[in-house]
Every structure is written in structure tokens, then in C-alpha cells.
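The values are calculated or read from the model by the stated rules, or taken from the named source; none is laboratory data. None of these values were measured; they are calculated from a predicted model. Ideal geometry is used to build each Cβ from the backbone, glycine not excepted, and the neighbour counts take in all protein chains shown. For the accessible areas, the whole protein counts, side chains as well, though only heavy atoms, and no ligand, DNA or RNA atoms are used. Shrake-Rupley method; radii C 1.70, N 1.55, O 1.52, S 1.80 Å.
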Amino acid sequence: MISSVESIRNLGDFQASGLPRRVILDEIYENLCAKLSAKENPFQLLTGFDPNLLQTIETTLLAKQHFLLFSERNNSKSLVVNSIINLLDEYVPYIANILGSEHPCFPHTQPAKNCLAQDKEKTALQWLNRNDRLQVIYGNAISETEDLFNFQNFNQKIIVLKYFDKIPPKQQLKLLTLLGNSEFIHNQHIPDCLIIAIVESLDYSVIQTLNPELIDLFGAFLNICHSPDNSHLKTTQSIIDKKKYLGHTNAYQEIIYALQAECVIQLRQERGFVDFPANRMFKMQLFLNAIAERRALTETCSKDNIRIIDFYSLYPTIFPEYSGELKQDEKQPNKFNTLISNAIKKVFIHYFPDPDRYRRSKQPIPYIGLLHWFNAGNTVSVSTFTSDIAYQQQLIQVPGLFEFVKNHYPAIANPDIYLFMEFLLHGLTEFSFLNKTVKYGEITFQDLIGNIFRKPIDDEIFLA
């Protein structure tokens with residue numbers, strides 16, 4: 001490509017070339033989408049890593065978020081960074097004769113704006129190779145007075161902040177001032193960079209020593225190791241008024257929004273009603289959309305179809321509160337699963353009959369017909385990684401499930417009905433009609449008693 005860009009020496013040439021004009025987060029996003037669509041492995045350098053870790057890195061980049069890496073020493077963090085560098089364009093333009101590497105289409109500093117206003121299409125350009133777009137800053141070597149965090153140093157680059165937890169407090173404030181607060185999450189052109197912060201530890205508690213507003217600018221927290229069972233990325237959420245979403249006209253979106261809001265409410269109650277930054281709800285939606293989009297790129301799916309199981313895939317992504325609660329033989333922390341389960345149980349009774357009401361009144365519960373199939377030893381598994389066809393085939397095999405949902409929501413569109421069918425199965429498990437086994441990216445529904453006491457269902461069991 002170098003021969004083709006050598007002839008582009010000013011802004012006019014660049015505008016006439018038809019080359020893409022995009023900031024670094026969009027650049028990585030579009031190049032990653034192209035690789036996933038072509039069924040190429042975007043992280044060929046990362047061998048021996050847990051596939052779940054690689055999938056969560058992809059999801060984070062598709063969500064266009066900065067992220068924080070937790071890892072012990074000599075654990076191949078540089079391979080992660082180099083793999084992301086390979087997702088950059090080979091060359092990008094920047095304005096010549098000024099400090100820094102500002103894109104001519106996205107100027108931020110006053111010198112860049114003045115240069116463009118003065119020279120216009122004759123503004124001189126130079127080209128930056130992808131290998132020169134990495135800048136490493138060592139937090140343990142920064143003094144209180146250094147001026148490292150500025151637009152000139154950050155534009156069009158991947159910024160790696162090593163020893164992130166060692167950055168002095170005054171420098172943390174400078175970095176926070178540069179990036180802005182929640183405004184940055186919505187306007188990712190300021191500044192034009194991707195930040196990867198690295199903590200040389202597997203202990204998430206070290207982030208408590210940092211400015212909480214600064215931590216909130218990172219969309220994901222990844223734990224790097226080679227063990228297939230120990231790679232985890234995490235997530236926290238904000239407080240949103242649930243009623244704001246329960247009145248949504250689209251029933252499909254209504255359930256998704258209601259579950260998001262209820263997860264936040266449950267987390268807030270569990271943590272003693274401590275408020276969380278408002279953009280965490282926004283991040284949850286970003287990652288759910290990114291999970292659906294990644295599925296659409298790798299399987300035959302619609303990128304607009306979020307599944308209930310995708311909420312369980314948010315661990316590991318935005319919930320660092322549960323990092324210390326994971327036991328060695330677990331794939332997901334029980335408390336995180338409980339948070340999602342409680343949210344489902346709260347929202348379920350707004351869309352389907354409340355089983356507890358029938359139990360209290362000693363009336364026959366309307367779900368009995370759905371349970372006989374499970375009582376015969378049958379199971380259903382839904383996955384966040386399978387195609388729409390495979391996902392629908394799993395749900396449709398439960399006799400009466402489609403008809404039950406259709407009876408309650410006769411006007412619902414055909415693709416959306418499968419979300420309600422899955423939601424109904426999740427609800428039945430939370431009210432102790434079914435049992436489910438949760439693994440990363442997959443949930444299996446089965447009868448409550450299992451193979452221990454196999455016998456026909458008696459309605460009286462559920463009237464007690």
C-alpha cells in the first residue's frame with residue numbers, strides 16, 4: 001500500500017482518493033467485522049488462550065470500548081496488544097508540520113484546526129504506519145509534573161498504560177480530564193485513541209485505589225491467563241428507572257430493557273444501595289448489541305436479535321464485583337448467576353401468569369402441560385454462539401411452548417416469539433419448575449428432580 005499512499009501528499013489528494021475516513025475505534029471495528037465475516041481468525045497470534053477470552057476481546061472491540069487487562073507477569077499481554085495492532089489499517093494520514101498525529105478529517109487541537117483553515121485542500125499530509133501507532137506509558141515511571149496525557153500524544157494511537165494502578169493521583173486526574181466523563185463514551189472522537197490499561201495482578205481489588213470516575217471510562221475488565229477455565233471479563237451497571245422501559249411499545253425490546261434495569265436494581269440492592277455511574281446501563285446495551293453482532297458475523301443470524309442467555313454472557317464483561325467470588329472449579333460465580341436469576345424472576349410476572357398467585361389460591365398452575373416433556377427426561381440447550389436456526393430448533397422441540405406464548409401474545413412477530421419462549425423457560429426455572437445448568441455461553445434446561453426420582457408429574461406437587 002505504501003506506493004499508493006506516497007502519491008497522496010495533501011488533503012485534496014486524500015479526499016479524491018476515496019480512502020476511508022474514520023477514527024481508530026471505527027477502524028478496528030470495521031476491520032474486525034471484515035475478518036469475522038470472512039471466517040478469519042483475527043487473533044492468530046494468541047495460541048493457548050481460552051477461546052472465551054478471545055470472544056470477549058472481540059465483543060469489547062465491537063462495542064468500541066477501552067479495556068483493562070489483569071494479568072501476572074510474563075503472561076503474553078504483548079501478544080494481545082500486537083494482535084489488536086494487526087486490526088489497524090496499514091497506513092493512516094496525519095497533518096504534517098504540527099505536533100502529534102491528528103487525522104485531517106478529525107482535528108481536535110487548535111493548531112490542527114488553524115492549519116486546515118489556512119491551507120484547506122493544500123494542507124500537507126504525512127502517513128503513519130500501523131507499527132508506529134503504539135505508545136506505551138509506564139505508570140510507575142510517571143512523575144506528578146510530567147505532561148504525558150494530551151491530545152498530541154494520543155491521536156490515532158493505541159495507548160498502553162502499563163502499571164496502571166501505579167499512576168500518581170494527579171496524573172489520574174489529568175487522564176480523566178483528557179478523556180472526559182460519560183460524555184466520552186458517547187463521543188468516541190475525543191480523543192481519537194484506544195486505551196488498554198494493564199494491571200500486573202489478578203486481584204481486581206487494586207482498582208479500588210484508583211479514581212472511580214477514571215475506572216468507569218473502561219468498558220471491560222479482562223483477566224488474562226492460559227487456563228481454559230480461568231479467563232474472565234467483567235461488568236458493572238448503572239441505575240435506571242425500570243418504569244421508563246416497561247412502557248416501551250415493542251414487547252421484544254421491552255423485555256430486554258426491563259431485564260437490564262432489573263439487573264441494575266438487584267446489584268444496587270445487593271451492594272447496599274450504592275449508586276453506580278449512569279453510563280453503565282449504556283455499556284450493558286452496547287455489549288448485548290456487540291454479542292448479537294458477533295453472532296451475526298460468525299453464524300447465520302440477525303444482528304438485532306438479543307437472547308436471554310446473552311445476559312449470562314455479560315460475565316465476564318462488566319461485573320468486576322464478582323471477581324473474588326469465583327471458585328476454582330466454577331465457570332461462572334454463583335452470585336452473578338443469582339443476580340441474573342432474580343432479575344428474570346422479577347420481570348417474568350409482568351409478562352406471564354404469576355405461579356405464586358396460583359399456589360396461594362390452590363388453583364391448577366397453567367404451566368403443567370409444558371413440564372411433562374421435561375419430566376420424561378428430555379432437555380433443551382440454548383447457546384449464545386449458535387445460529388438463529390439452531391436456537392429456534394432447540395426451543396420449538398418443547399411441545400406446547402410455542403402455542404403457550406402465542407396464546408398470551410397473539411400479535412407478536414415470528415422471530416421475536418423465540419425470545420419469549422426462552423424467557424418462559426428461564427422463568428419456570430426461577431419458580432422451581434425446572435432446573436438449569438449454566439456454563440459460559442450455554443444453558444441446559446431439564447426437569448427439576450432429574451434422574452433421581454423419575455415419576456409422572458402430579459398437579460398437587462405444585463399446589464403445596
The listed residue being within 16 Å of Arg22 (Cα to Cα), surrounded by fewer than 18 Cβ atoms within 10 Å (Cβ to Cβ) and of a type outside the set (Ser, Thr, Tyr), out of Asn129, Asn86, Asn155, Asn140: Asn129
Consider Pro399 against the criteria (1) under 23 Å from Lys346 (Cβ atoms); (2) over 30 Å from the mean Cα position of the chain (by Cα); (3) modelled with pLDDT of 90 or more: it satisfies all of them except one. Which criterion is unmet? (1)
Could you list, in sequence order, the residues of region 428-443 that are open to solvent by 30 Å² or more (accessible area, probe 1.4 Å), touching a Lys or Arg at 6+ places or on another chain (Cβ under 8 Å) and assigned to a loop (DSSP other than H, G, I, E, B)? Tyr440
Among all residue pairs at least 6 apart or on different chains, which show Cβ distances below 7 Å where the first residue, located in region 112-135, is in a loop (DSSP other than H, G, I, E, B) and the second is among the polar types (S, T, N, Q)? Thr123/Asn10; Arg133/Gln156
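Would you say Glu27 is acidic (Asp, Glu) and farther than 17 Å from Ile159 by Cβ?
Criteria not met by Glu27.
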Can you tell me which residues in region 341-369 are out of contact with any Cys (no Cβ under 8 Å at 6 or more places or on another chain), closer than 14 Å to Phe423 by Cα, open to solvent by less than 40 Å² (accessible area, probe 1.4 Å) and in contact (Cβ under 8 Å) with a residue 40 or more places away in the chain? Ser341, Ile344, Val347, Phe348, Tyr351, Phe352, Tyr367
Would you say Tyr391 is in contact (Cβ under 8 Å) with a residue 60 or more places away in the chain and touching a strand residue (DSSP E or B) at 6+ places or on another chain (Cβ under 9 Å)? yes
Can you give me the number of residues within region 1-58 that are at pLDDT below 85, part of a loop (DSSP other than H, G, I, E, B) and either among the charged types (D, E, K, R) or open to solvent by less than 40 Å² (accessible area, probe 1.4 Å) (or both)? 4
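Would you confirm whether any residue within region 196-207 is more than 25 Å from the chain's Cα centre (by Cα) and at pLDDT 80 or above? Steps first, answer last, please.
Keep residues of region 196-207 that are more than 25 Å from the chain's Cα centre (by Cα), which gives none.
No, every residue in region 196-207 fails to be more than 25 Å from the chain's Cα centre (by Cα) and at pLDDT 80 or above.
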What is the number of the single condition among (1) within 30 Å of Leu53 (Cα to Cα); (2) out of contact with any Phe, Trp or Tyr (no Cβ under 6 Å at 6 or more places or on another chain) that Ile449 does not meet? (1)
Residue check, Ser381 touching a residue at least 24 places away in the same chain (Cβ under 8 Å) and open to solvent by 30 Å² or more (accessible area, probe 1.4 Å): yes
